[in-house]
Structures are given as structure tokens and as C-alpha cells.
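A short worksheet on the structure shown next.
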Amino acid sequence: EVKADLAVVASRNLLEMEQAKYRAFLAPEMSENEENASLLKDIEIFVKDAEVNLLTIKPSGAKQYESFARKYFVALELEASMENLIKFLYAIESARKPLTVEKYSIAPKSRDSNLARVSMTVSKMVVP
């Protein structure tokens, strides 16, 4: 009987450790507008920190992901030097929140410019 109790306690501790790993991905449930506002705010912080020039940013909707999560999408266009663009992309991909650069397109701003013009879609996965 004691061995069974110890096994239950060990299992509980293991579950608590696993839950702690994913706690950052679990968030209180918000409306779609609140989730979009949160995602836009996060991106604006990355834009400022990486010193890129944000031209446009707009929510692109949400989609159910598997049976347990939703993905919120934002389309944006920006201009940046390659160095600052790399900082921006790294900030998104290494964020503590589940953000992903889904797709991107990079082209020179003009023939003689060292700036790139970038179009991209960024997503945030939310597990309610």
C-alpha cells in the first residue's frame, strides 16, 4: 500500500514538473479582439527593440489548430537593414510566447539602398 502511495506521489510530482514547462503557453481565455491586440502589442515591442520601420500591420484572422488550440495571424510590412531584420526575426522566434514567423518575403527597397522591404505573416498559438 505504501509503495502504491509513493508511486502516486511520484506521478503527481512528474505531472507538476511537466505542467510547469508549458505554463507560458497556457493563458487565460480572451476574446479574439483581445488576442489580436495582445499579438499586435508584442510585435510593436519587437519592432521598437530591433529598430525596424513598420509600414503596415493588420490582423489576418484566427484558425483552429488541431482540437486544442487557436492560431492568431498578423500580416505586416516593414523596412529594415539586414542586421536589424535578423534581430527582429530572432526576437519573434525566441520569444517566451509561442510566436512563429509563418512566411516572409524579402526584397531590396531600391536598387541603391541597403534597406530591405519585408512582407511577413506572424502567428501566435493560444491554448485556452
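Considering the conditions (1) in contact with a strand residue (DSSP E or B) (Cβ under 8 Å, 6 or more places away or on another chain); (2) among the β-branched types (Val, Ile, Thr); (3) exposed (fewer than 15 other Cβ atoms within 10 Å of the Cβ), Ile45 is excluded by exactly one of them, (1). For region 58-73, a residue qualifies if it is within 30 Å of Lys109 (Cβ to Cβ), open to solvent by less than 50 Å² (accessible area, probe 1.4 Å) and in contact with a helix residue (DSSP H, G or I) (Cβ under 7 Å, 6 or more places away or on another chain), and exactly one does: Tyr72. Considering region 1-103, the qualifying helices (runs of 4 or more DSSP H), each wholly inside and each with 1 or more residues that are modelled with pLDDT of 95 or more, run over 32-50, 82-93.
Considered as a group, the residues in region 117-128 that are over 15 Å from the mean Cα position of the chain (by Cα) and at pLDDT 95 or above include one that is nearest to Leu76 (Cα to Cα), and that residue is Ser119. Could you list, in sequence order, the residues of region 106-119 that are surrounded by fewer than 19 Cβ atoms within 10 Å (Cβ to Cβ) and in contact (Cβ under 8 Å) with a residue 12 or more places away in the chain? If the condition is that a residue be surrounded by fewer than 19 Cβ atoms within 10 Å (Cβ to Cβ) and in contact (Cβ under 8 Å) with a residue 12 or more places away in the chain, then Ile106, Lys109, Asn114, Leu115, Ala116, Arg117, Ser119 are the ones that fit. Evaluation of Glu93 against the conditions (1) over 15 Å from the mean Cα position of the chain (by Cα); (2) free of Cβ contacts under 8 Å to residues at least 24 places away in the same chain shows that the sole unmet condition is (1). Could you list, in sequence order, the residues of region 81-105 that are of a type in the set (Phe, Trp, Tyr) and surrounded by 15 or more Cβ atoms within 10 Å (Cβ to Cβ)? Phe88, the sole residue that qualifies.
Among the criteria (1) farther than 24 Å from Val127 by Cβ; (2) touching a strand residue (DSSP E or B) at 6+ places or on another chain (Cβ under 8 Å), the one Glu83 does not fulfil is (2).
The values are calculated or read from the model by the stated rules, or taken from the named source; none is laboratory data. What you see is a predicted model, and the numbers here were worked out from it, not measured in a lab. Note that we place each Cβ from the backbone using ideal geometry, even for glycine, and neighbour counts take in every protein chain shown. Calculation scope for accessible area: heavy atoms of the full protein, side chains included, ligands and nucleic acids excluded. Shrake-Rupley method; radii C 1.70, N 1.55, O 1.52, S 1.80 Å.
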